[in-house]
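Q: Can you keep this structure in mind? I'll have questions shortly.
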Amino acid sequence: MPKVIKTEVEFEGRFYEEYIVLEGEDLSPWGPDRDRDFRLVGKPQPRVDGPERVTGAAKFTHDVRLPGMLYGRILRCPHPHARIQRLDTSKAEKLSGVRLVLSAENAPEIPWRMGLTKLFDRTLRYAGEEVALVVADEEEICYDALELIEVEYKPLPFVVDPEKALEPNAPKVHESGNLLNGAPEVYERGDLQKGFEEADVVVEGTFRTQSVLHNCMETHGSVAHWEGDTLVIWDSTQHIFGVRAQVAQALGLPLHRVRVIKQYMGGGFGSKNAAGKYTVMAALAAQRTGRPVQVLLDRFEENLAAGNRPSTVQTLKLGATREGRLTAIYHKSILNVGAYAAWPASASGPTKRLYECPNVKTEDYSVFTNLGPFSAFRAPGYVEGTFALEAMMDELARKLSLDPLELRLRNYAEVDPITNKPYTTKGLRAAYERGAQLIDWEERERVKKERSRGTKRIGFGMASQIWGGSGGPPAYALVKINPDGTATVITGTQDIGTGTRTALAQIAAEALGFPLESIRVELGDTQWGVYSPLSAGSMTLASVGPAVRAAAEDARSQLLEVGSQVLEIPRDALTLENGEFVDSRDGKRSPVRTIFEKLLNYTIVGQGARGPNPEDKNVNTFGAQFAQVEVDLETGTVKVERMVAVHESGRVINPLTIRSQLYGGIIQGLGYALMERRLEDPRRGIVVNPSLETYKVPTIEDVPEIVAEMVDLPDPEANPLGVKGVGEPPIIPTAAAVANAVADALGFRIHELPLTRDRVLTELLSRDQDRGRGRGEGDR
Amino acid sequence: MVKVFEKRESTLGAADLAGPDPVSLSLRVNGQTFSFVAEPRRTLLDALRYDLGLTGAKKGCDEGTCGACTVLLNGKPVYSCLLLAVECQGHEIETIEGLAKGGKLHPVQEAFVEHDALQCGFCTPGQILSIKALLDENPEPTEEDIKRAVSGNLCRCGAYPHIVEAARAAAKKLPR
C-alpha cells in the first residue's frame, strides 16, 4: 500500500515542505559494516558513459540536428536601462532565408521572472536583455538579419552599484524599488548586544567580493520541435522537470504535452536550474514555423544574460572571550542581484551555522541593479560568506594569539546552531586533523622562515566548510529486469557531468547482484515519467541514489520470487550473484536470462522512492582546506604552491569521480580567489569583459599541486545509502583559505577579491606610503 | 558572433548583405573526402558541424579563446573556428570522430576514460586532440610539455590534474 508522508527538505540553505509517496518496506541502511561486502560501491569506477564522452558520440544540446531545423539568434539591448520607442523588423523579415522574427510586436505577452518582466518586454533593464529573436535557415543569415532590425531606444537613468542603488534618489530598476521584497532578510538568535558586552575582544571588517561568471563550456540553449501536439525540447539544463513545468505554464500547455530531454550537457554550475527565455522562444518559433528550431547563446550573450555570482559588500563583527569562545557575530551583506531575482541572495549561511555562537544577527540586502540577473553559482552565498567569516576568524585568532585551527576547534558546533539538533554525522574534526597533517600545519612557521627570501614571502592559511547536501524526497526510480538478463534503471534525474549515471549504475548493480556491464541507466527524459529533483544543491546522489537502491531491491526480490518458481528452488535457498541465480544448497548457478527463456517477454519492474530525511537530526556536509602560498612583494604575484582539501560527505560511492569533483570545485575556487572578475563600466552601465579573452578562467597552467581526500564516513542515518552531496562543498572554503594564507604571507589583510597582482601591489604601495608618513604602526 | 553593443549603419539592401553565393567545397576529413556547398564565410568548425555532421568539435566561443573546437590540420592542433572551410581545402583534417579505429579507442581516449580526465565532456574532444598531437611529435613529454600542449584548451569543470595523469599514462601506452 502506498504511504503518503509530509517531510521537510533543505535546498541551498532554505527549507521546503514536500509530500512523498512511499511503497514497500523501509530499507536497512548500508552502514559501515556493509563495506567489506561491496563489490562495486566504494570502488573507483571509470564512467559508464566515458567512451561516448571521448569519441564525440555524446550528443549535447548544441549537437542536436533535426531534419529541417532552423537556427535562432537573439537581438539584445545595448543600453543598461531603456524603453523601446520604435521596433521595425520588416527589413530583417525580407532577407532571404529568414523564416521568422519574434518580438514584442508579434509575440504573446508571457510573464517572466516572477512577473517582473515579460518574454519580450518594451522596457529593458540591463545591457544584454532580449529584444527580438531571428529565425533563419543558417546561423550566418541570423547574424545578417540581426543587423537589419531597427530599434529606437529611449535611454533611462540606470544604476549598477548596489550601494548607490539603495540611496533614496537612485534610479529605480523596478517601480517597486531596488530592494528585493522591500526589506533585508534578517536572522537573529540570542541577544547580540549582550553578546558583545560579554566579549573580551572584538574584531570588525568590511569585505568586498566580485561578480563572477559561470562560463559553462556549453552555452545555454534549447532545441524545440513539435511532434503532433507534443512539444519536444532538448535543453542544456540541470532540471528537466522544472523546464517542463515552466514551458508548459508559459505556453498554456498541459504537462503531458511537453517532453524535455537532456542527455549530455557542457556544465551548469547552477546557471541552468531553470528554463531560459531562449527555451520558450525556441518553442514559440517552432510552433510558428512548423520546423525544429535551435536557439543557442554565444559566449558574449552567455556572459551578459545567463547568470552570475552576485558581488557582495559584507560587514562582519565578531566578539569572543579571552579563551576564544565566540560570544556574538553580526553580519550585514549587500548583494548585487542584477535586474531580476527569483529568490533573495544571501551570504550569511556560514555565519549562522558554522560555529557555536549564542548571539547572532545577520541581515542580507538583495539589491536590484541594471546588470544581468544573478543565478545560483556553485554554493551560492556560502563561497562569499565563508571568505569573510573565515577572514574574521583569523583576525580573532591573531588578536588572541591563538593558532587559527585551535580557535576553530574551540568553537566547534556539536549541534546545529540554528535548529539545536545533533548532526547525523560530522566529520569536520577528522577533516581538520587530516588536512593539518597533509599541509604540515605545525611546521608552517619554520617553512615560512626558511623559504621567505628576497621579495618572496610564504604564507599558510586554512578555512572550514559547511553545506547542506542531504538531498531528499521526492525522487523516484524504476528498475526493469529485461528478458535478456540485463537491467535498466529509469529515473528523471540528470547527469550534469558529475558522474550520476555511473554512481547509479554501481548502486543498482550492487543491490541487484548484477555485473556493472549489464546495467543501463536511462535518465534526462521527462517522458519516462519518473520524477527526480533538479541536479543542484549537491543533492542528486543523496536524493536519487536511495530511490534507485529501493527500486533495485524491489526488482531483485521479485526476480528471486519468479526465479524460485521457474527453477523450482526454494526461495530462501536462492540468491543472486554477478547476474546469476545461485542455489545455495549445491552452489549451482544459472544466468538470470534462463528463466526468461521460459517466460518469454515477461519484464520485471521494481519501484523505489526516496524516503524522508530524519526529523530529529541535521544532515550536513563538512570540510577543511589549507593553502600554502608565495607572494612576491615586488610584482604582487600570488602563487598558490599547494592546496590541501579534506571533505566529509558521507559514504563515497566512486572515489575516482569524487576526486574529479573535488579538483573541479577547488580550481573554480582558485579562479574566484585570484583571477576571475566581471568588470562593469559604471559610467556606461555595461559589462566590459563578457568574453573568455578578457574574463580569466583558470587554465591548466594556473593549477597548483592539489591534495584532495575524503573522510569516507558512511552516514546511515541520513539515508539508506549513507551518502551526502559533494558538488558544492569543495568550492566553499578555497578562496577563504587562499586569502588567509596571503594575509599570513603579507602580514596584513586585503579585504577584497580577487587577489590580482594589481590589487596586491596597490595595497603594498599604499602601505609603503603610510609607513613613509610614519603611520605604519599597528599594521592589520 | 553577435555584436551586442554596436549597430553597424547599413546602407546596403538586404540581398547584398547575404554575401557571395554558396560555392562548392571539398574537405579531406579523417581520411575521407567530403564535398558540399556552403558560403565562403563558413568556418571550418561550422562546416564540420553543420555540413559534415561531425559534431565532436564544439563551439564554446567562436573566436579562438576556449579551444573546444580544436581539430588537427596536417597533424597540428588548430582552432577550427578561426579557419574558413575554403582555406582548408587540400589539407588533411582529423577530428575526434576519426580517432578510434575499428571500434577500439585510441590510447589517449582510453587514458582519458581510465583516469577520469573529464567531467561534462564538452571540452574533451579538443583536449584529447591536443594531447594526441603532442604525443605524435614528442612521445616522452614532461609535465610542462603536457600542460603547454593543452594550455589553450579551457576546462571549466577543472579536469586538469586528471588530464595530466591521462596524458602521462597514454604516453606510456603508445608504441614508440
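The values are calculated or read from the model by the stated rules, or taken from the named source; none is laboratory data. As the structure is a prediction and not an experimental result, all values here were calculated from the model. Using ideal geometry, Cβ is built from the backbone for each residue, glycine included, and neighbour counts are taken over all protein chains shown. Protein only, heavy atoms only, side chains kept; ligands, DNA and RNA dropped before computing areas. Shrake-Rupley method; radii C 1.70, N 1.55, O 1.52, S 1.80 Å.
Q: Report, as an integer, the average count of C-beta atoms from other chains found within 10 Å of each Cβ along B:109-118.
A: 6
Q: Follow-up. Distance from the Cα centre of segment A:167-200 to that of segment A:63-125, in angstrom?
A: 38
Q: Let me ask you something else. Roughly how many Å is it from the Cα centre of segment A:229-289 to that of segment A:594-614, as a whole number?
A: Between the Cα centre of segment A:229-289 and that of segment A:594-614, the gap is 30 Å.
Q: Distance from the Cα centre of segment A:740-773 to that of segment A:357-400, in angstrom?
A: The distance from the Cα centre of segment A:740-773 to that of segment A:357-400 comes to 21 Å.
Q: Quote the relative contact order of chain A in percent (integer), defining contacts as alpha-carbon pairs under 8 Å separated by 6+ residues.
A: The value is 16 percent.
Q: Under a straight-distance cross-link criterion of Cα-Cα below 16 Å, which lysines are reachable from residue A:154, leaving out those fewer than 8 residues away in the same chain?
A: Within the straight-line cut-off, residue A:154 pairs with A:172, B:7.
Q: Please pull out the direction-averaged projected area of segment A:389-480, using the convex hull of its alpha-carbon atoms, in nm² to one decimal place.
A: About 10.5 nm², averaged over all directions.
Q: Under the Karplus relation 6.51 cos²θ - 1.76 cosθ + 1.60, θ = phi - 60°, what is the ordered set of whole-Hz ³J(HN,Hα) values for segment A:196-208, x standing for Gly and Pro?
A: Listing the rounded values in order: 6, 5, 6, 6, 8, 10, 9, 10, 8, x, 10, 10, 10 Hz.
Q: Which cross-chain or sequence-distant (5 or more) residues have an amide H under 5 Å from the amide H of residue A:75, H modelled 1.01 Å from N in plane?
A: A:131, A:132, A:133, A:134
Q: Rounded to two decimals, what ratio of Rg to Rh does chain A give with C-alpha atoms and a Kirkwood Rh?
A: With Rh from the inverse mean 1/r over Cα pairs, Rg/Rh is 0.99.
Q: Further, regarding this structure: Considering only DSSP beta bridges whose two residues both sit in segment A:611-731, what percent are antiparallel, to the nearest 5?
A: Within segment A:611-731, antiparallel bridges account for around 70 percent of the total.
Q: Here is a further query. Quick one: Karplus J couplings for segment B:152-166, per residue in order, coefficients 6.51, -1.76, 1.60, θ = phi - 60°, nearest Hz, x for Gly and Pro?
A: Values per residue, Gly and Pro as x: x, 10, 6, 10, 7, 6, x, 7, 3, x, 6, 5, 4, 4, 5 Hz.
Q: Taking only DSSP H segments of four or more residues, each worth -39500 (n - 2.57), what value at 222 nm results for chain A once the sum is divided by all its residues, to the nearest 500 deg cm²/dmol?
A: After summing the helix terms and dividing by residue count, I get -8000 deg cm²/dmol.
Q: Can you list residues from other chains, or at least 5 along the same chain, whose modelled amide H is less than 5 Å from the amide H of residue A:723?
A: Here the answer is A:651, A:715, since their amide H atoms fall under 5 Å of that of residue A:723.
Q: Summarise the long-distance tail of P(r) for segment A:400-536 by giving the % of C-alpha pairs beyond 17 Å.
A: Roughly 74 percent, once rounded to a whole number.
Q: Another question, if that's okay. Would you list which aspartates and glutamates come within 16 Å of residue A:639, measuring only between C-alpha atoms, while excluding same-chain residues fewer than 8 positions from it?
A: Partners within reach: A:630, A:676, A:701, A:702, A:705, A:744, A:758.
Q: What number does segment A:524-605 give for Rg over Rh if you use C-alpha atoms and the Kirkwood radius?
A: 1.11
Q: Expressed as a rounded percentage, what relative contact order does segment A:471-609 have, with Cα pairs under 8 Å and six or more residues apart?
A: Reported as a whole number, the value is 35 percent.
Q: Quick one: if you stick a label point 7 Å off each Cα along the C-beta vector at residue A:414 and residue A:455, how many nm between them?
A: 5.2
Q: How big is D, in µm² s⁻¹, for segment B:21-98 by Stokes-Einstein at 25 °C and 0.890 mPa s if Rh is the Kirkwood radius over C-alpha pairs?
A: 203
Q: Tell me, what is a quarter of the convex hull surface for the C-alpha atoms of segment B:107-173, in nm² with one decimal?
A: 3.6
Q: State, to one decimal in nm, how far the label point of residue A:770 lies from the label point of residue B:92, with both points 7 Å from Cα in the Cβ direction.
A: Going by the 7 Å Cα→Cβ label model, 6.4 nm.
Q: Antiparallel DSSP bridges in segment B:21-98: what percent, to the nearest 5?
A: Percent antiparallel among DSSP bridges in segment B:21-98 is about 90.
Q: If the only charges are +1 at each Lys and Arg Cβ and -1 at each Asp and Glu Cβ, what is the size of the charge dipole of segment A:471-609 around the Cα centre, to the nearest 20 debye?
A: So the magnitude is around 80 debye.
Q: On to the next question. Are any of the pairs A:164/A:361; A:6/A:426; A:317/A:352; A:277/B:58; A:3/A:724 more than 18 Å apart by Cα-Cα distance, and if so, which?
A: Pairs exceeding the cut-off: A:164/A:361; A:6/A:426; A:277/B:58; A:3/A:724.
Q: Report, by chain and number, residues whose modeled amide H sits under 5 Å from the one on residue A:709, excluding near sequence neighbours (fewer than 5 apart, same chain).
A: Residues meeting the criterion, in which the H sits 1.01 Å from N, are A:645, A:646, A:647.
Q: Please tell me which of these pairs span more than 27 angstrom C-alpha to C-alpha: A:59/A:272; A:332/A:696; A:59/B:132?
A: A:332/A:696
Q: Under 8 Å for C-alpha pairs, at least 6 residues apart: give me the relative contact order for segment B:21-98, rounded to a whole percent.
A: Relative contact order for segment B:21-98 comes out at 37 percent.
Q: Using θ = phi - 60° and the Karplus relation 6.51 cos²θ - 1.76 cosθ + 1.60, list the HN-Hα couplings for segment A:633-647 in order, rounded to whole Hz, with x at every Gly or Pro.
A: Each residue of segment A:633-647 in turn: 5, 7, 9, x, 6, 9, 10, 7, 8, 7, 10, 10, 10, 10, 10 Hz.
Q: Also: So how long is each side of segment A:471-609 along the principal axes, counting just the alpha-carbon atoms, biggest first, in Å?
A: 49, 25, 23
Q: Would you list, by chain and number, the aspartates and glutamates whose Cα falls below 12 Å from the Cα of residue A:91, excluding same-chain residues fewer than 8 positions away?
A: Result set, ordered by chain and number: A:144, A:147, A:150.
Q: Order A:512, A:679, most accessible first, counting only protein heavy atoms with a 1.4 angstrom probe.
A: A:679, A:512
Q: Could you quote the convex hull projected area for chain B, Cα atoms only and averaged over all directions, in nm²?
A: About 11.8 nm², averaged over all directions.
Q: Evaluate 2.2 N^0.38 Å with N set to the residue count of segment A:121-219, then give the Cα radius of gyration divided by it.
A: Taking N as the residue count of segment A:121-219, the ratio is 1.80.
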